[in-house]
Amino acid sequence: MANVNETEFTGSILKNKRTVAYFPYSKEIKQEFEHNGDVSVMPILTSSDKAYTTESNVAENTGNEPEGVFTVGALANDKKHNSNVYVSGNTMLLTRDSSILTNDYGLANYDYFMNLINYMLDNDESFTVDEKTLVNNGISISMSSAVTVFVIVVVIIPLLMLICGLVIWFKRRNL
């Protein structure tokens with residue numbers, strides 16, 4: 001799970017005690033400086049203190065990997081040119097893949113991203129309308145129910161419509 005650091009645009013997320021989804025296989029962002037002239041860099045998302053880095057493709061901790069808090073999202077601000085750059089160590093921030101986020105209901109990923117974009121654009125007057133649910137609920141019916149619905153909709157109803165049409169046509173034809 002990524003820890004959200006206190007900034008101007010993350011205050012509402014922290015105040016409401018919402019969480020940003022985990023960032024699996026994030027790359028560490030090495031921060032070279034905090035301030036350099038007009039440019040300042042601040043870490044926004046950090047890993048937990050139990051995170052570790054590895055050079056191999058194996059995700060298991062063998063005990064030789066460095067552990068600790070790593071920056072996985074940082075924001076650079078250039079006051080002279082009035083510009084911002086956000087760097088993320090992972091592309092999973094806006095994922096909706098159910099195999100990765102088993103229950104994405106209530107997570108603050110989209111709020112975090114929208115707050116970040118509005119902050120970077122210096123846009124105070126925008127708002128977003130959130131979805132009611134982020135969970136896709138499918139309908140499951142048994143095979144016998146599916147066959148019953150098929151027979152009623154595809155066979156019986158059209159057959160009744162045909163019979164009614166023929167009866168009306170026959171009566172009007174003989175008038």
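The values are calculated or read from the model by the stated rules, or taken from the named source; none is laboratory data. Source: prediction; values computed, not measured. Here Cβ is always computed from backbone atoms with ideal geometry, including for glycine, and neighbour counts include all displayed protein chains. Calculation scope for accessible area: heavy atoms of the full protein, side chains included, ligands and nucleic acids excluded. Shrake-Rupley method; radii C 1.70, N 1.55, O 1.52, S 1.80 Å.
Is it true that some residue in the stretch 88-108 is assigned to a helix (DSSP H, G or I), of a type outside the set (Val, Ile, Thr) and at pLDDT 60 or above? No, because not a single residue in the stretch 88-108 is assigned to a helix (DSSP H, G or I), of a type outside the set (Val, Ile, Thr) and at pLDDT 60 or above. Looking across the stretch 120-150 at every residue that is within 24 Å of residue 7 (Cβ to Cβ) and open to solvent by 70 Å² or more (accessible area, probe 1.4 Å), the one that is modelled with the highest pLDDT is identified as 121. Checking each residue in the stretch 34-51 for being under 18 Å from residue 88 (Cα atoms) and of a type outside the set (Val, Ile, Thr) picks out 34, 40, 42, 43, 45, 47, 48, 51. Of all residues in the stretch 53-87, count the ones that are assigned to a strand (DSSP E or B), at pLDDT 80 or above and open to solvent by 40 Å² or more (accessible area, probe 1.4 Å). Going through the stretch 53-87 one residue at a time, the tally reaches 4. Only one of the numbered conditions (1) at pLDDT 85 or above; (2) within 12 Å of the chain's Cα centre (by Cα); (3) among the aromatic types (Phe, Trp, Tyr) is not met by residue 169, and that is (2). Pairs meeting the criteria (first residue in the stretch 76-91 and free of Cβ contacts under 8 Å to residues at least 24 places away in the same chain, second residue open to solvent by less than 50 Å² (accessible area, probe 1.4 Å), beta carbons under 7 Å, at least 6 apart or on different chains) are 85/76.
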